[in-house]
Every structure is written in C-alpha cells, then in structure tokens.
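Let me begin by presenting the structure, written as structure tokens, before commenting on it.
The values are calculated or read from the model by the stated rules, or taken from the named source; none is laboratory data. The model shown is predicted, which means the values in this text are computed figures rather than measured ones. In this analysis, Cβ positions are derived from the backbone assuming ideal geometry, glycine residues included, and neighbour counts consider all displayed protein chains. Protein only, heavy atoms only, side chains kept; ligands, DNA and RNA dropped before computing areas. Shrake-Rupley method; radii C 1.70, N 1.55, O 1.52, S 1.80 Å.
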Amino acid sequence: MTTIRVDAEVRDRLAARARAHGRSLGAELGAMLDDLMWQGIEDGYRRLAADKAELASYRAETAEWTGADLGSLAATAADEYPEYNS
C-alpha cells in the first residue's frame, strides 16, 4: 500500500468513477490502467493491419512459431537439465 498526492479535483473525479463502477479508488485506477494497456495493444494491431507489408511479415512469423515442431522438447525442466536434479 502507498499514498499518492493528487489534486482534490482529480481525487473527486476518480472517486466518482469508482462509485459508478462499484470499486475502490485503487481498483478503479487499476481498471483504468488495464483499459489503457488494452487500448495500446488494439492501437498497435490497427497500425499493423494498416501496413500490408508489416502484416504479411507478422503473419509469416506467427505461422513459423505456431508451426514449430516441439516434439523433441523435454516435458519438464528436470528432464531437460538432469544434471541439476538432486
């Protein structure tokens, strides 16, 4: 837990939003940050979709990763690195 200093107007606006959503001030701030994060991700995908060459490159790389043969990987870290098992 911590305390932050904000103008009374900002606190009041945040409190109003929190009440409207039935959350505490901290939970409202967390939700707002989550929303901003997802907005940034969605904006990035929109920019990617607008650039046909970058989109093609992204899709090719995605196909390469999702098509990788993982059959030779060990099931666990202990299997992969037996020298560290005791």
Problem set entry | Of the criteria (1) part of a helix (DSSP H, G or I); (2) surrounded by 12 or more Cβ atoms within 10 Å (Cβ to Cβ); (3) not acidic (Asp, Glu), which one ARG23 fails | (1)
For this session: Name the one entry in GLU9, GLU28 that is charged (D, E, K, R) and open to solvent by 80 Å² or more (accessible area, probe 1.4 Å).
Result: GLU9
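Suppose the filter is in contact (Cβ under 8 Å) with a residue 12 or more places away in the chain and not β-branched (Val, Ile, Thr); does GLU61 pass it?
Working: in contact (Cβ under 8 Å) with a residue 12 or more places away in the chain: no; not β-branched (Val, Ile, Thr): yes.
Criteria not met by GLU61.
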Exercise. Which residue out of TYR45, TYR58 is out of contact with any Leu (no Cβ under 7 Å at 6 or more places or on another chain) and part of a helix (DSSP H, G or I)?
Worked result: TYR45
Problem set entry | Filter pass, ALA68 being assigned to a loop (DSSP other than H, G, I, E, B), open to solvent by less than 70 Å² (accessible area, probe 1.4 Å) and modelled with pLDDT under 95 | yes
Problem set entry | Which listed residue, of ARG17, ARG59, ARG47, is surrounded by 10 or more Cβ atoms within 10 Å (Cβ to Cβ) and closer than 30 Å to THR3 by Cβ | ARG17
